[in-house]
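Enquirer: Please find one structure pasted underneath; my questions will follow.
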Amino acid sequence: DHLEQLEVIVVVARAVVDHDHLAHQTVPLEQLEVIVVDDGSGDDTPGVLADAARTMPNLVALRQDRNRGPAAARNRGVAAATAPLVLFFDDDVVAEPTSVATHLSLHRGLGDGTTGVLGRVDWHPDLRVTPFMHWLDASGLQFGFDTWIQPGPVEPPYAAFYTANLSLPKALLERVGGFDERFPHAAYEDMELAWRLTAAGFRMRYHPEARVFHARAIDLETFRSRMRKVGESAELLRAVQPDFPI
């Protein structure tokens, strides 16, 4: 069975993450490979990963000498993966113990090699959800889970290709050439990839039971900074994919 093993690609960019949620998944270690790409962080991420490797024999830690952005980091992680199924997590999410097993079970049910699974991202229970964070959910500017996305097929797939919690066959990524590394920010680099994937026959289903938690609070100033990067990426997207409906 080509789905007997599941890869997890965790992109770590300028952040030290809590790795315990990956060390305590219900999936047996021999079915799970954790690949962490340290994208030129300036903090203690290498030390944290070295400590984690002592208790996680399935951890592969890669480091980029300079920050090249999530597109390049994910491509490097995918290239290092050895199994046919890839699950992307962001550096600031915490998975439930059953998150990986849920993704794997859903793909076993699909079995078609052309479909991805989008899981839900909720605020971490330990966070104080501010009025601004409630507004962000209701606005749909960060995720569309509380606005338009419904369980089942996501149409079009590129409108909600959220790599914070998303799995798909590795062969699909290789078929379209992976992420476009000209995108330096975590903005539109995922949707641009999904645009090419969709043209190649990719489909996606939303399953809220495959849940992770966003462990980093967001305030107005942080979001303003992010939106400036979104604007820069939007201009790049217009040049790279003129037909993309921004």
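Enquirer: What are the residues whose amide H is under 5 Å from the amide H of Ala95, where those residues sit 5 or more places off or on another chain and H is modelled from the backbone?
Expert: Phe213
Enquirer: Test of understanding: what is the full-extension gain from Val240 to Asp43, defined as 0.36 nm times their sequence separation minus their Cα-Cα distance?
Expert: On the way: separation 197, 0.36 × 197 = 70.92 nm, distance 3.31 nm.
My answer for the length gained is 67.6 nm.
Enquirer: In cubic angstrom, how much convex hull volume per residue do the alpha carbon atoms of segment 71-136 span?
Expert: For segment 71-136, the hull spanned by Cα atoms encloses 138 Å³ per residue.
Enquirer: With N residues in the chain, what two-decimal value do you get for its Cα radius of gyration over 2.2 N^0.38 Å?
Expert: Cα-based Rg divided by the globular estimate yields 0.95.
Enquirer: Restricting things to Cα coordinates, could you compute the convex hull volume per residue of segment 145-246 in Å³?
Expert: 122
Enquirer: Counting other Cβ atoms within 10 Å of each Cβ, which trypsin sites (Lys or Arg not before Pro) in segment 21-75 have at most 16 and sit in a DSSP loop? Spell out each step's value before the answer.
Expert: Details: sites: Arg54, Arg63, Arg66, Arg68, Arg74; in loops: Arg66, Arg68.
In loop regions of segment 21-75 (DSSP not H, G, I, E or B), the sparsely surrounded trypsin sites (Lys or Arg not before Pro) are Arg66.
Enquirer: Which net charge results for the neighbourhood of Asp122, defined as the other residues with beta-carbon distances under 15 angstrom from its beta-carbon, given Lys and Arg at +1 and Asp and Glu at -1? Mind dumping the intermediate values first?
Expert: On the way: positive: Arg120, Arg128, Arg211, Arg216; negative: Asp90, Asp92, Glu96, Asp126, Asp137, Asp146, Glu209.
For residues surrounding Asp122, the net value is -3.
Enquirer: Separate question: For labels at Arg205 and Glu30 in the simple 7 Å Cα→Cβ model, what's the distance in nm?
Expert: Roughly 2.8 nm, to one decimal.
Enquirer: Pop a pseudo-label 7 angstrom from the Cα along the beta-carbon direction at both Asp51 and Ser139 and give the gap in nm to one decimal.
Expert: 3.5
Values quoted throughout were computed directly from the atomic coordinates according to the rules given, and no laboratory measurement underlies them. No experiment lies behind these values; they were computed from the predicted model shown. Note that each Cβ is placed from the backbone with ideal geometry, even for glycine, and that neighbours are counted across all protein chains shown.
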